[in-house]
Each structure stands twice: as structure tokens, then as C-alpha cells.
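The values are calculated or read from the model by the stated rules, or taken from the named source; none is laboratory data. Given the structure is predicted, the values throughout are model-derived calculations rather than measurements. Methodologically, a virtual Cβ is constructed for each residue, glycine included, from the backbone with ideal geometry; neighbour enumeration extends over all protein chains shown.
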Amino acid sequence: MVCGLTSCLGSGAAGGLFSSAVQFFAATQCLVGETWPKDSVLQNGSRYDFIIVGAGTAGSALAARLSEVANFSVLLLEAGGDPPIEAIIPAFRETLKASSVDWNFTSVENNITSQALKRGIEQQPRGKMLGGSGSLNHMVYARGFPSDYHEWASIAGETWNWTNVLKYFMKTEHMTDTNIVNNPELMVYHGRGGAIEVSGTNEVMFSIKKFLQAFEELGFKTVPDMTYPNSIGAGCFSHTIRNGERDSSLRALLNNANSTSLHILKDAFVTKIIIENGTAIGIEAVKDDEKFLFYADREVILSAGTFNTPKLLMLSGVGPSEHLRSLGIDVVADLPVGSNLHDHAMVLAFLVADNGTCVSDEAENSMEAIKYLYDRTGFLAKADNMAAYLPLSSSEPTVPEFALYPTCIPQFSPFRSGCLTLGLNEDLCTELHNLNQEYELVTIAAVLLKPKSRGKVELNSINPFDDPLIYAGTFSEEQDLDHFPRLIKMAWSIADTNYFRSKNARVIKPWVEACSNLTESAWIKCMSRAMVTSAWHSVGTAAMGTVVDGDLKVLGINGLRVVDASVMPKIIRGNTNAPVVMIAEIAADLIKEHYSVSRTGTNLNNMTIGNLTASSMPNISQPNINLADVIENNDMINSSLIEVEITNVEIITTTDRQSDIDDTVNVA
Ligand SMILES: Cc1cc2nc3c(=O)[nH]c(=O)nc-3n(C[C@H](O)[C@H](O)[C@H](O)COP(=O)(O)OP(=O)(O)OC[C@H]3O[C@@H](n4cnc5c(N)ncnc54)[C@H](O)[C@@H]3O)c2cc1C
């Protein structure tokens, strides 16, 4: 994500560290490692209750949760293999982009935007390994804001309202950030004891402290918790890091999953969903050049991400009929798959400043490596990121529409390679690299959090190994571009704050050929159009409300769900990883609730809670009963005194909602 530009552009100690990376890796190979889940040996034609395609952020969490049910059999297929060591050490996150564990997607050239990008296209990195993009992302922990989920609920039903999604954010979370845990007012919104650690301290880099001061001078409130629902300002993010190592749904959930009911097939490229008479019955996959068919007795679940999920749906006949017919694909369901693609649009503003502005307080030498290997501390263990959230107008100060993510880049940084990975063209990267030989660089990523523009994903061909066509659609709505003069000028105003003024900070306007001889605001708009990149948060291509329903079932097809970032009907105001985990947690409960009833034929009338019987509880006769909800919604129940008597019920919901009902439930 954008805030990782610190590392993205090779600032801080990373510069020195990358240069000695080879020695470091030699040392770490035996000292940093992980036992990844085993690859299964499976018979062609095998049957499972559930088949999940893609072991990314969503697929890893979902597979782990479904495998909690002993008599569910689950097959999880992943096109990539085990993550490399760089996926564990936080400071090395940037080295994974444009590598063999990245799908290396790009957008299609449109001749309207991206003139200052390499080949006129946006880079779209995505993880191709266990953990998916959750194994290469920047570990920033964000959730979006309540109004994002009010919007979802109005489209897809109350499952997705803020109160409900908050429960699930808290369920997965183990908050240890010392800026938050000691503050009861903040902790109301956080979980302890969940699977994924969310950590942080106030020991942040010198430059981050200086940026916080600068934003305060510019009138931003400093906030201690960037996820706090009703307050925005500038602050440091918490990160999904545990003991100096990346924490993710892979490491925290899949690695600890029940391996008797879960089968994982790595390096298995799913090429098609088999749909017969309107029901998804299995998938086709290729592993080691061999074709496999696997069958699902209950459901096929797509968790292949915003670009590959729509591709698989379309290859299988689910998509816009005109597009499918143009490729000779038989249409099984005519749905707007692939449309509604959107992302946070990001434009970089630049300042130069005197040497010493960034003050690299991390030692640029092998001590960092030794520190890391000794006790997982130091620069390598961290991912400091901050942002300033801005509202659309001062009348709505609790909801951000934009964000500024600043980074300070010391002189002589290996800026060029990060610049090219981000996607800027050779000329721009050379110009910025040359400036960095003389000055320190301050980059401020200006990001639009609620774009109106929409793009689409289409098939390139019927060959499943061809990448999908990604029409990013950035600035297809001119209003989105109109915000950038204000945003970029706000970013530039950091040069007028005390510390940066004392370091002779000044704005630089990189040369963008298409934008010469324009007035300032016109130049900013022109430059923004030319330099805009993805912030790597693309969503929406199998959206709730148009492609899937509120239970994430594909409309008009039985036995097929989508569970990943593509179901977001509208992008949330923040980084998308934790929301994708939340989506997977909710999906797991929806699936468990659905099958726990229809599968066991449970007689729920035999259920009593405290002195209440089923008949005295209005919810109890409904098929989708959830014990935690019954308890939560019933004032008469004192949850510390609950005893549950259940006959012939699979206690799926009880164990799964353990965090809701604590360990005070005794099941007789
Ligand atoms: C560079 C980068 C930095 C980011 N930084 C942050 C951040 O700091 N904080 C944050 O909150 N969010 C961040 N994000 C966004 C976040 O990581 C994603 O939104 C999230 O991981 C998406 O999860 P997903 O499950 O939808 O897809 P993914 O995690 O991408 O998972 C999809 C999985 O499906 C597999 N797959 C695809 N096609 C097939 C197939 N045909 N057969 C088998 N397997 C297949 C893929 O290999 C992959 O493992 C970042 C994203 C990127 C790319």
C-alpha cells in the first residue's frame, strides 16, 4: 500500500541494507523460517465438501475457519507456492514486487492517463504464493470507516452493517499497539486474543515524528488510532506484525488450521469452474503440466482476488453475455462480472530538502541484521507508516475522502529501482534519482479514497493462462481529477512548516512533457493524469448487489460463492487487507450456519439457554440461528450464567463465535 513508500522508494536504512542483502540472506536462511502447510498428494477426480480457489488473504482465512468443522472436507488450491523469506521480514516487503511471487499484472494502455508511467500503464502487483497479496503487502492495519459499511449494508443487507463487521474485525484481532492498548476509550473498538496480531509503539522513525509535527502545524489533529471510527487527523498506523515477523491470515490462521479436514494443493492453477445445470460442481486445475478435476459436494468458493476471480467466472460462462459471446464462450449466467473495478488513485508530490532532513536514525550497517537475528528488533522488524486523512469539507470532519502519505528519502538512496517498480518512466526516475544525488527527497502520496471512476476486467482470450485485461478506468470521471490541485497544494505546504522550512525544503515539479507551459492548477491536473498510479487496493469486480448477493452467493448459480476483495461493492476509506479478512470471517460463519442446520436436521426446539427455552426466544425457530446473536440480543440473559443444553446439534456456531460468548458457555 501507498504508505509503504518509505521502503518502496528505498529510504532510510533500507538503502544500506539492500546493498548488503546478499550477506544478510545468507545469514538468515537458517535463522528465519516457517513451516508452511504441506502440499497434498491428491487423486484426480476426488470429492470435497468445499473447494476454495486461491490461498490469499481471504482464501487462507476462510479455509482455516471451515476446517474447524471436523466433518467438512475442504480443498484449497493455490497457483503459487511457499512464500520466500522476504515475506516474513517486514523491511524486505518491497523486494517481493516484480518478483516471481508477484503476478505482475499491468493495466491496459488507454492514451488518456499514465503518460509519465513506464509503457503508459499502471503496475498492479499481486501475490502469487500462499498468503497471496497478504504475503507481500505493507502490513498497514486499517478498516475503513462506519459510513463505508452503512453503504454496503444499504446495498447488500444488514450482515454488512458497521456494528456487525466491527464484531468480526475484533474477532480476528490481537491488538498489542501500546498507543492503543492502554487507552480504554480506544480499546472499545479492538479485540484481544484474536489470531492476527496488530502491533505498534510510539518509537517511530525521526522523519515520521517530523511529519506529524508538520501536519499539526497545518491544522491536522494528531490521532492515536488511525482506525478510530469517529475521528480523523494525522497519525501512525498499527501493523500486522508479530515478534518482528509479518503476521497474516496465512501465518496466523492457515498455518494453524486443522490438517485432517483441510487439503492444500500448491502450484495448482485453476483454469475453470465446472458448472452443470446451473450448479457449480467442481473445478479444473493444472499442476505440473497435468490436468486435474476435483468435485465439490457443497460449494466452490472463489478467492482468487479482484483480477483473477472475474477472469475465472468469465472463463466458466459467468459474465457479461456480449463479451463472453465475442470470445465464443457459452453464457451460463449474464452478470456484470468484471465491471465496477475501482481503486484508490495515487499521485506523488515531491519536495527537495537539505541533507540531514530525514536523519536516518537506523544504523545503516550489518548491526541491524544482527539485531534482527538476535531478538527480532530494529529496522528490519518494522514497517513505520503514517498518513493524514482529509475530509471533503470541514463540515464532515469525521470521514476522510483523501489521504496524504509522506516519506523522507535520504541522499544517495537506491531510489531509482523503487521508482521504476512503482511504475514511473525512465526519464522521471532518472530526474528524481539525479536530484537525490544532491538533496534529500520528500515524497507525499496524495490519495483519493472514494473515487467515482470505474474500470473493468475483461478476458484477453479463452486461454486461462493469459492475464486478464485490466482497464483501470482511473479518472474516467473528471470530478476525481478535480480534487488533485487542492490535494497536491496541501502536500506541498509541508515545505512551509517549521522543520522543513529550516531544512530549505522546496517544491519540485518534475518534467512531464505533456504538461509544459500550463498555469499551476492546470499543471497539477495534467501531471496528476500523467503520473497517477494504483494504490494496490483494487476491488469490486464481483460486487455484492450485482454479481453476488449479501451471502456472497453468485446470482443465478447454485453452489458458487465469491469471498475476496472483488465482492466489495464500493471501496472502503482505507487499506483493504483487514476488511478482506473480515469478509472471509463473515463468509465462514454464513457457510457454517447454513450447513449446520440443513445438514444435521437439528431439532432446535430442544435448546435451552438459562431459564429460556426455544419457544420463548423469538429467534430460535429460525433456521439461521446463531447462538452468539441470541445471547447478545436477549437482555434477559446474563451471559456469565449461561448454560446451554443442546441435543443433536453440531456446535459449530458456539465454538466459532467463542470470542463473543467467552468461555462461560457449558455445553452439556
Ligand atoms: C503491494 C501491495 C501492498 C499492499 N499493502 C497493503 C497494506 O499495507 N495494508 C492493507 O490493508 N492492504 C494492503 N494491500 C491490499 C491487500 O493486501 C489486498 O486487498 C488483499 O490481500 C486482497 O486479498 P484477496 O484475498 O482478495 O486476494 P489475494 O490476497 O491477492 O489472493 C488471491 C490468491 O488467489 C491465487 N490465485 C489467483 N488465481 C488463481 C488460480 N487461477 N488458481 C489458483 N490460485 C489462484 C493467488 O495466487 C493469490 O494467492 C496491498 C496490496 C498490494 C498488492
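For the structure I just gave you, tell me whether Glu458 is modelled with pLDDT of 95 or more, in contact with a strand residue (DSSP E or B) (Cβ under 6 Å, 6 or more places away or on another chain) and closer than 30 Å to Gly356 by Cα. No. The residue that is farthest from His263 (Cα to Cα), counting only those in region 71-85 that are hydrophobic (A, V, I, L, M, F, W, C) and either more than 10 Å from the ligand (Cβ to nearest atom) or without any contact (Cβ under 8 Å) to a residue 40 or more places away in the chain (or both), is Ile85.
One line per residue, one yes/no per condition, for (1) away from the ligand (no atom under 16 Å from the Cβ); (2) touching a helix residue (DSSP H, G or I) at 6+ places or on another chain (Cβ under 7 Å); (3) farther than 28 Å from Ile470 by Cα; (4) free of Cβ contacts under 8 Å to residues at least 60 places away in the same chain:
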| position | (1), (2), (3), (4) |
| --- | --- |
| Val140 | no, yes, no, no |
| Trp152 | no, yes, no, no |
| Thr163 | yes, no, yes, yes |
| Phe169 | no, yes, yes, no |
| Thr178 | yes, no, yes, yes |
| Leu186 | yes, yes, yes, yes |
| Met205 | yes, yes, yes, no |
| Glu216 | yes, no, yes, yes |
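Number of residues in region 297-344 that are out of contact with any His (no Cβ under 6 Å at 6 or more places or on another chain) and within 15 Å of the ligand (Cβ to nearest atom) equals 23.
Selection of first residues in region 45-59 that are part of a helix (DSSP H, G or I) and of second residues that are of a type in the set (Ser, Thr, Tyr) and crowded, with 24+ Cβ neighbours inside 10 Å, restricted to Cβ pairs under 6 Å at least 6 apart or on distinct chains, gives the following pairs, ordered by first then second residue: Thr57/Ser249; Ala58/Ser303; Gly59/Ser303.
Between a residue in region 99-110 that is in a strand (DSSP E or B) and any residue that is small (Gly, Ala, Ser), which pairs come within a Cβ distance under 7 Å, given they are 6 or more apart or on different chains? Matching pairs, first to second residue: Asp102/Gly127. Among the residues in region 566-583, are any modelled with pLDDT of 95 or more, more than 16 Å from the ligand (Cβ to nearest atom) and assigned to a loop (DSSP other than H, G, I, E, B)? Checked region 566-583: no residue is modelled with pLDDT of 95 or more, more than 16 Å from the ligand (Cβ to nearest atom) and assigned to a loop (DSSP other than H, G, I, E, B). Are any of the residues in region 18-36 within 14 Å of the ligand (Cβ to nearest atom), of a type outside the set (Gly, Ala, Ser) and either at negative phi or at pLDDT 70 or above (or both)? Yes, because at least one residue in region 18-36 is within 14 Å of the ligand (Cβ to nearest atom), of a type outside the set (Gly, Ala, Ser) and either at negative phi or at pLDDT 70 or above (or both). On the basis of being touching a residue at least 60 places away in the same chain (Cβ under 8 Å), outside any strand (DSSP E or B) and more than 29 Å from Val512 (Cβ to Cβ), does Ile462 make the cut? Yes, satisfied. Answer with yes or no whether Ser521 is outside any loop (DSSP other than H, G, I, E, B), away from the ligand (no atom under 16 Å from the Cβ), without any contact (Cβ under 8 Å) to a residue 40 or more places away in the chain and among the hydroxyl-bearing types (Ser, Thr, Tyr). Against the criterion (outside any loop (DSSP other than H, G, I, E, B), away from the ligand (no atom under 16 Å from the Cβ), without any contact (Cβ under 8 Å) to a residue 40 or more places away in the chain and among the hydroxyl-bearing types (Ser, Thr, Tyr)), Ser521 qualifies. Would you confirm, using the coordinates I've provided, whether Ile232 is touching a Pro at 6+ places or on another chain (Cβ under 9 Å), in a loop (DSSP other than H, G, I, E, B), more than 16 Å from the ligand (Cβ to nearest atom) and not aromatic (Phe, Trp, Tyr)? Yes; evaluated as a whole, the condition is true for this residue. Candidates Glu245, Glu217: the one that is surrounded by fewer than 22 Cβ atoms within 10 Å (Cβ to Cβ), on the phi < 0 side of the Ramachandran plot, more than 22 Å from the chain's Cα centre (by Cα) and charged (D, E, K, R) is Glu217.
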